[in-house]
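**Q** Could you have a look at this structure, given as structure tokens, before my questions?
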Amino acid sequence: MILLSVSFSSSSPIAAVFSVAFLLIYFSEATLGAPCPINGFPIVRNVSELPEDNYGRPGLSHTTVAGSVLHGMKEVEIWLQTFAPGSGTPIHRHSCEEVFVVLKGNGTLYLAETHGSFPGKPVEFPIFANSTIHIPINDAHQVKNTGHEDLQVLVIISRPPIKVFTYDDWFMPHTAARLKFPYYWDEQCFQESQKDEL
């Protein structure tokens, strides 16, 4: 809900009602009701009121807090993701930096430096509430909830929109990795064809 404070030099109640009605219609159609609300991105929003979905991935709850495709962000994109116990991301890599802030729960980060022809055996890092994770550009990784309660993370990526290459396992060649672009949460709103950076 967007609250507006409007003052008028004219004392006409009809003009005031008309102006407020116009603003409410404009904002409700441009931002609240549209599936791709690029125009009118509000300065302050309640995260709990933003749309969330699992995009066909059991155990995932994803909310785009600030996105390039959804909201017109140019340099960063921010997601709030919750993983149920046993769930996680696929093994993947992307041509951008990524930072996770673990808000609650615990799990495991699997990270493989992507310098050979395939990711290889990953290094395992325990993650827990108040920890941060930095994923270097193009390093294959996976985050899994290996705990007994929900794992909730705030994710910040650079250079959006994200282009993700997924792997079936850690020994799948990079040349066989599958490109997913636009990514699930951007599919409905993505309009332009952009050159792949990898």
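The values are calculated or read from the model by the stated rules, or taken from the named source; none is laboratory data. Remember, it's a predicted structure, so these values are computed and weren't measured experimentally. Note that each Cβ is placed from the backbone with ideal geometry, even for glycine, and that neighbours are counted across all protein chains shown. The area values use the complete protein model at the heavy-atom level, side chains included, leaving out ligands, DNA and RNA. Shrake-Rupley method; radii C 1.70, N 1.55, O 1.52, S 1.80 Å.
**Q** Can you find, among VAL153, HIS141, THR64, the residue sitting farthest towards the positive end of the charge dipole of the stretch 51-196, where Lys and Arg contribute +1 and Asp and Glu -1 at Cβ?
**A** HIS141
**Q** Return the long-range amide H neighbours of VAL164 (sequence gap of 5 or more, or a different chain), with a cut-off of under 5 Å between placed amide H atoms.
**A** LYS180
**Q** Further, regarding this structure: Kindly list the residues of the stretch 66-110 that lie in the label zone of ASN130, defined by a backbone N under 17 Å from the point 7 Å along the Cα-to-C-beta vector.
**A** So the set is 101-107.
**Q** Compute the accessible area per residue over the stretch 51-196, keeping the other protein chains in place, probe 1.4 Å, unit Å².
**A** Accessible area per residue: 49 Å².
**Q** Continuing with the same structure: Over the stretch 51-196, what percent of the accessible surface lies on carbon and sulfur atoms, probe 1.4 Å?
**A** Values: 3780 of 7120 Å².
Exposed carbon and sulfur together represent 53 percent of the surface.
**Q** To the nearest 20 debye, what charge dipole does the stretch 36-110 have about its Cα centre, counting +1 at the Cβ of each Lys and Arg and -1 at the Cβ of each Asp and Glu?
**A** Numbers: 5 positive and 7 negative charges, 21 e Å.
The dipole of the stretch 36-110 has a size of about 100 debye.
**Q** From the Cα gyration tensor of the stretch 51-196, with a ≥ b ≥ c the square roots of its eigenvalues, which class applies: rounded if a/c is under 1.5, or else prolate if a/b is larger than b/c, or else oblate?
**A** Note, shape of the stretch 51-196 comes out oblate.
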